[in-house]
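Accompanying notes for the structure given below.
The values are calculated or read from the model by the stated rules, or taken from the named source; none is laboratory data. Model, not experiment: these values are computed from the prediction. Don't worry about glycine lacking a Cβ; one is built from the backbone with ideal geometry, like all the others, and counts go over all protein chains shown.
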Amino acid sequence: MPIDERRGMGLEPDRSSRHSIGIHAAPAEVYHALTDPGTLCRWFAAEAGLDARAGGEYRWVFETAPDAGDEGRVESAGTVIGVSPGELLRLSAMVDGQETEIEFRCEPWRDGTLFTLTHSGLPGEESWDATFRSIDQGWASETQTLKLYLERARGMVRRSTQHEARLPATAEDLFECVSSRAGLEGWLAERAAADGAPGGELRLEWPDRPAVTGHFAVWDPDRFLVMTWEGVTPAVVRLWLEEVEGGGETLLSLEHRQFAPDASPPAPFDWPGALRRLHGMLSARAAG
């Protein structure tokens, strides 16, 4: 049956979130990180179960607010609908009542793996734009986290903290503050070097702690930014920007996902202090 007969004349076709990345790990190692519940809990989900056979079931539990108990937990579950061990895993996934499909593909690439993630079957209607954007941003950052884990944090323990701040700036101005040398030196680090572009290099220096080097792993101007910090305790820093209705203010949501060698919590980063400095810097700009 033609697609417009199934879904109504004039409706937009389904769309897909697709991300590919080279990982310096063998395809079997990448596949293991995607299918082994214990490993999934180290880099991806708070809880995970997966029976990697056709017809098997999977369950992922995410902590969106670690201190909020059950109210801060989100669960995703479904069925394995296709599998080729070491190469391919295909899952069903319900999203807001819509049946969709997630595919993980691992292909040999140079000295490692070309990993491709595709989440398909997401409706193309305008009412789904925000949902699609959220899913696409999530998968873009999770592929980067998988790469960081396998290349720099394998076997380590993950810890996440979340922070929010309502800031007196437009999303455009705030994005400049979190992605440029001058902006970062105003609130996050004493000295910074930043190649403001997708995949650009990043270096942050402080007088009282080791410097951090990394990359701008995901770059969605004025909406979403992901930095990888690739030091002794590797980390992924995710920043979401949402302008407050009426303009002039932006809500910044931040997740710092750190990896540590053991179960002892890594040294916390002073994000509350940094965000206060960012607020003060933007307030001074607005006043001046």
**OP:** Answer yes if at least one residue in the range 163-171 is under 16 Å from Ile21 (Cβ atoms) and in contact with a strand residue (DSSP E or B) (Cβ under 9 Å, 6 or more places away or on another chain), and no otherwise.
**Re:** no
Subject >> Among (1) exposed (fewer than 15 other Cβ atoms within 10 Å of the Cβ); (2) free of Cβ contacts under 8 Å to residues at least 40 places away in the same chain; (3) not in a helix (DSSP H, G or I), the one test that Ser134 misses >> reply: (3)
Original post:
Within the range 245-278, restricting attention to residues that are within 19 Å of Arg152 (Cα to Cα) and more than 18 Å from the chain's Cα centre (by Cα), which residue is surrounded by the fewest Cβ atoms within 10 Å (Cβ to Cβ)?
Top reply: Ala263
Subject >> Residue selected from the range 111-128 under the condition over 14 Å from Gln98 (Cα atoms) and exposed (fewer than 14 other Cβ atoms within 10 Å of the Cβ), by the criterion farthest from the chain's Cα centre (by Cα) >> reply: Asp111
Subject >> All positions within the range 75-110 that are under 20 Å from Thr64 (Cβ atoms), free of Cβ contacts under 8 Å to residues at least 24 places away in the same chain and among the charged types (D, E, K, R) >> reply: Glu75
Original post:
Has the range 96-110 got at least one residue that is of a type in the set (S, T, N, Q), out of contact with any helix residue (DSSP H, G or I) (no Cβ under 7 Å at 6 or more places or on another chain) and surrounded by 17 or more Cβ atoms within 10 Å (Cβ to Cβ)?
Top reply: yes
Original post:
Looking only at strands (runs of 3 or more DSSP E) that fall completely inside the range 142-240, which ones have 2 or more residues that are touching an Asp or Glu at 6+ places or on another chain (Cβ under 7 Å) and either modelled with pLDDT of 95 or more or of a type outside the set (Asp, Glu) (or both)?
Top reply: 157-167, 191-194, 201-205, 212-220
**OP:** Pull up the range 250-265, narrow it to residues that are at pLDDT 90 or above and in contact with a Pro (Cβ under 6 Å, 6 or more places away or on another chain), then point me to the one that is nearest to Val178 (Cα to Cα).
**Re:** Gln258
